[in-house]
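These notes are about the structure you will find just below.
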Amino acid sequence: MFDIQKPIPAYITEKSNIVRLVLFTAIFALIFINVYSPFGIGSFKVNQWQPLVYSSIITLTGVLVVVVSRLIMYYVSKKKSISYWNYFVWVFAEVFFMAIFYSLFVKIFLHNSALYLDLLKSYMLNTALVLLLPYSTLWLFFSWRDKAQQLDLLTSGQTLVDNSKNMVPFHDEKGMLRISLKLESLLYLEAADNYVKIHYLNKEKVSKFLLRNSLKKLEETLKFPEILRCHRSYMVNFEKIKVVRKDKDGLVLEFDSPVSSDIPVSKTYVDQVMSTFSKFSTNLSV
């Protein structure tokens with residue numbers, strides 16, 4: 001039986017996915033409103049450009065509602081989990097507030113003579129179509145992409161089972177083991193809002209795994225001397241560091257190929273970074 005109190009998947013409140021949702025919804029709404037004219041714009045005597053202008057105004061304002069709503073959802077998700085029930089109520093609120101605007105727009109600017117409550121009831125259905133279709137499509141896409149990422153990990157020789165002292169286990173914020181990587185494959189960890197991006201080598205290419213946790217918690221639980229915090233946003237596997245370079249902005253860590261990213265070192269961590277680097281530099285060239 002489906003549990004509506006279960007937290008929604010983490011990828012729904014990921015910042016990059018929220019941006020994708022807003023953009024896709026805006027494009028879908030603009031096309032839908034112009035093709036089907038669900039708000040009655042086409043029935044009014046306007047010139048050939050006015051329907052496009054009106055539909056663009058409607059779309060942009062509607063998207064503004066979504067932007068504000070999803071920003072609030074994003075910050076709420078950083079403090080507590082959002083259940084499926086919470087999410088459904090949230091989406092209903094988005095539909096309701098957008099329908100209020102659309103009804104006011106048609107009533108005031110298009111001079112519709114119908115009662116406002118009748119307009120509101122009608123536009124609740126239209127607004128639901130404008131939002132729920134792109135929402136459902138993107139949810140399926142995000143789910144497919146997440147499962148594809150998991151499958152890629154399994155088929156690439158990585159494992160979710162921590163069965164070796166050379167394996168680095170990564171647990172999510174609830175303590176569930178999500179992935180274990182060979183220490184020699186791990187490159188670095190990068191803070192990403194209320195997630196951590198795990199960068200690792202997979203078939204001689206750099207892959208990423210998104211873990212719902214914080215660097216602070218991982219720093220406390222990962223008992224590997226090779227993995228060290230070097231910045232507010234980074235932890236690094238020093239077995240993979242080739243060069244410590246001094247730039248105008250401070251120290252920078254360089255990886256061995258194929259990693260192209262350089263990792264900055266905060267002043268707070270300079271001493272322990274240099275000390276750790278010296279321990280692992282016997283097999284590296286500076």
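The values are calculated or read from the model by the stated rules, or taken from the named source; none is laboratory data. On a predicted model such as this, the values are computed, not experimentally measured, just so you know. Here Cβ is always computed from backbone atoms with ideal geometry, including for glycine, and neighbour counts include all displayed protein chains.
State whether the residues of the stretch 193-201 include one that is farther than 22 Å from Pro9 by Cβ, part of a strand (DSSP E or B) and not hydroxyl-bearing (Ser, Thr, Tyr). Yes, the conditions are met somewhere in the stretch 193-201. On the stretch given as the stretch 234-275, residues that are assigned to a helix (DSSP H, G or I) and either of a type in the set (Asp, Glu) or crowded, with 21+ Cβ neighbours inside 10 Å (or both) total 5.
For the stretch 208-226, the set of residues classified as of a type in the set (Ser, Thr, Tyr) and closer than 20 Å to Lys242 by Cβ is empty.
Scanning the stretch 128-147 for residues being without any contact (Cβ under 8 Å) to a residue 40 or more places away in the chain and either buried (at least 18 other Cβ atoms within 10 Å of the Cβ) or of a type in the set (Gly, Ala, Ser) (or both) gives a total of 2.
For the stretch 174-183, does any single residue satisfy the condition of being outside the structural domain of Tyr74 (by TED's automatic domain parsing), surrounded by fewer than 16 Cβ atoms within 10 Å (Cβ to Cβ), assigned to a strand (DSSP E or B) and at pLDDT below 90? Yes.
Any residue at all in the stretch 189-208 that is more than 20 Å from the chain's Cα centre (by Cα), surrounded by fewer than 16 Cβ atoms within 10 Å (Cβ to Cβ), under 30 Å from Ile18 (Cβ atoms) and not assigned by TED's automatic domain parsing to the domain that holds Lys80? Checking the stretch 189-208: at least one residue is more than 20 Å from the chain's Cα centre (by Cα), surrounded by fewer than 16 Cβ atoms within 10 Å (Cβ to Cβ), under 30 Å from Ile18 (Cβ atoms) and not assigned by TED's automatic domain parsing to the domain that holds Lys80.
Screening Lys240, Lys208, Lys223, Lys216 for residues that are within 30 Å of Lys174 (Cβ to Cβ), touching a strand residue (DSSP E or B) at 6+ places or on another chain (Cβ under 8 Å) and without any contact (Cβ under 8 Å) to a residue 40 or more places away in the chain leaves exactly one candidate, Lys208. Residues in the stretch 72-110 that are touching a residue at least 24 places away in the same chain (Cβ under 8 Å) and not in a helix (DSSP H, G or I): 5 in all. Set side by side, the residues Ser143, Ser136, Ser113, Ser81 differ, and just one is farther than 18 Å from Phe32 by Cβ, at pLDDT 80 or above and small (Gly, Ala, Ser), which is Ser143. Each residue in the stretch 214-223 was checked for being surrounded by 14 or more Cβ atoms within 10 Å (Cβ to Cβ) and either over 24 Å from the mean Cα position of the chain (by Cα) or at positive phi (or both), and 1 of them qualify. Are any residues in the stretch 1-51 modelled with pLDDT of 60 or more, of a type outside the set (Ser, Thr, Tyr) and not in a helix (DSSP H, G or I), and if so, which ones? Asp3, Ile4, Gln5, Lys6, Pro7, Ile8, Pro9, Glu14, listed by residue number.
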